[in-house]
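> Quick one: this structure, given as structure tokens, is what I'll be asking you about.
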Amino acid sequence: MARKKDIAAEEPIVDENVTAEDETSNVEQVVPEEAEGEVTDDEPKELTAEDELILLEAEIEKLKEENSSLKDQYLRKHADFENFRRRMNKEKQDSIKYGNQGLLKDLVEVIDNFERAIKTSTESQEIESFREGIAMIEQQFTNMLKTKWGLEKIEAAGQEFDANLHEALMMEDSEEHDVTTVLEDFQTGYKLHDRVIRPSKVKVAKPAAKN
């Protein structure tokens, strides 16, 4: 009997008047005071003036490198453009300077024919053969200009007068013509393809007024 009473005396005595709030307050007192002022790693650290200076210097160096790169690109592009401009100017000058090379090459052949005709007439002393040779060269020359360069004679004599093709230097009344007609061609006119580069200078017959 005495052993059972000792065991019962060792059990803790629970005070029924203790509330849940009292138990909570007891738990809060267990938290150490040092934890309240502790700084966690998630909070941003404030930069010092030295750190800000280092960042600014790094940013300045980066901008300097970008500026140097852009300047180098600009100089390269400018040099390429200058080379292109000089090349275009040279090609333009060469085009103007040698633009008539093909035509002049054809004219040289005509000059060769004139030289041969003159030489032949000097040796033979035949005026008729010389005239025939000159006429043949003139025909060859005009055909070459027409077929290769588009230069064509304007037919005038016997044609109806056209102010776009002919320039009247003389005019006379005629009962034989019903329309204004070119009687004589004083100077041959020429067309380059479809454009008149020189009108024919002509004498024109105008129909006489009927009584």
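> Would you check if Glu57 is surrounded by 10 or more Cβ atoms within 10 Å (Cβ to Cβ) and either touching a helix residue (DSSP H, G or I) at 6+ places or on another chain (Cβ under 9 Å) or not basic (Lys, Arg) (or both)?
Judged against the criteria, Glu57 is a match.
> Okay, next question. Under 8 Å by Cβ, and 6 or more places apart or on different chains, what pairs join a residue from region 153-179 that is of a type in the set (Ser, Thr, Tyr) with one that is in a loop (DSSP other than H, G, I, E, B)?
Ser174/Ala208
> Given the conditions (1) modelled with pLDDT of 90 or more; (2) under 53 Å from the mean Cα position of the chain (by Cα); (3) of a type outside the set (Asp, Glu), report the number of the one that Gly158 does not fulfil.
Every condition holds for Gly158 apart from (1).
> Next up: Hey, Val179 hits all of (1) among the hydrophobic types (A, V, I, L, M, F, W, C); (2) at pLDDT 90 or above; (3) more than 28 Å from Val108 (Cα to Cα) but one; which does it fall short on?
Failing condition for Val179: (2).
> Okay, next question. Residues being surrounded by 12 or more Cβ atoms within 10 Å (Cβ to Cβ) and in contact with a Lys or Arg (Cβ under 7 Å, 6 or more places away or on another chain): count how many of those fall in region 155-181.
Qualifying residue count for the region: 6.
> So which of Asp94, Asp72, Asp80, Asp106 is of a type outside the set (S, T, N, Q), under 30 Å from Ser129 (Cβ atoms) and part of a helix (DSSP H, G or I)?
Just one listed residue meets the conditions, Asp106.
> Please verify whether Ile118 is surrounded by fewer than 10 Cβ atoms within 10 Å (Cβ to Cβ) and under 30 Å from Ile137 (Cα atoms), treating the condition exactly as stated.
No: the conditions fail for Ile118.
The values are calculated or read from the model by the stated rules, or taken from the named source; none is laboratory data. Just so it is clear, the structure is predicted and the values come from calculations on it, not from any experiment. For neighbour counting, all protein chains shown are included, and Cβ atoms are generated from backbone atoms with ideal geometry for every residue, glycine included.
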